[in-house]
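Here's the structure we're looking at; comments come further down.
No lab work stands behind these numbers, since they all come straight from the coordinates. Note that this is a predicted model, so its numbers are computed, not measured. Cβ coordinates were reconstructed from backbone atoms using ideal geometry, including for glycine residues, and neighbour counts include every protein chain displayed.
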Amino acid sequence: MDRRLRADLLRRAARDQRARASTPRTFLSPLTALRFVCVDGGNTAWLDRVVRRREWPGFALVGTDGAHAAWLLAQHADWRRQAQRRFLRAMRQAVERGDADPKDLAYLEDRVRVNAGRPQLYGTQYGMTASGFGPQPIEDPDGLDDRRAEVGLPPMAEYEAQMRRRLAERPGGPGTSPEAGSL
């Protein structure tokens, strides 16, 4: 295990979460957006160098918590979508080797698809839709729960209830989170 890389990942993930925790959910101000660009941009550039030089930082290299931290950085790489797609490919290979969590991969797959204007596969990404707060469009909704079960995610109805509870607990209530589906 690479303890230094793991520590870097955990530190960067903690900074990512501090930036998001300090963000008012009722309004995404230009200053808040700039904070996200700075934190996410730095993390994305750093993770991109790691992935290009080594491979996806999976369980064997950085442990379970380090691998999850790497996923979090990739999940929030929206400002550099090409790098985010590169992370998705690297993480797919790691999952195939048993070196990354399929649930994390499902979230990243959906995030990349939604960012590209495509329907998601697993229903993990929420936001404002034409009918209010809810999941972004989903490909083959009839097969959704089967796909979710394959990667270890709960049924969509259970996830939907969880998302609504989490959102109700936030100041400002439903529809106020800029990225509620990726918490």
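Summary of computed values
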| read-out | value |
| --- | --- |
| Hypothetical label at MET128: residues of segment 37-65 whose amide nitrogen lies under 20 Å (7 Å Cα-Cβ projection) | 37 |
| Three principal axis lengths of segment 3-100 [C-alpha, angstrom, descending] | 41, 26, 20 |
| Residue-span extension gain [ALA7 to VAL37] - 0.36 nm each, minus C-alpha spacing | 8.6 nm |
| The chain: proportion of alpha-carbon pairs further apart than 20 angstrom, % | 54 |
| Relative counts (whole %) of C-alpha pair distances in segment 46-115, using bins that are 10 Å wide | 24, 61, 15 |
| Order of ARG164, ARG89, ARG147 under a 10 Å beta carbon neighbour criterion, fewest first | ARG89, ARG164, ARG147 |
| Projected label distance in nm at ALA45 and ALA161, using a 7 Å step from Cα toward the beta-carbon | 4.6 |
| Per-residue Cβ neighbour rank within 10 angstrom, fewest leading, TRP79, TRP56 | TRP79, TRP56 |
| Segment 40-85: mean projected area of Cα convex hull, nm² | 2.8 |
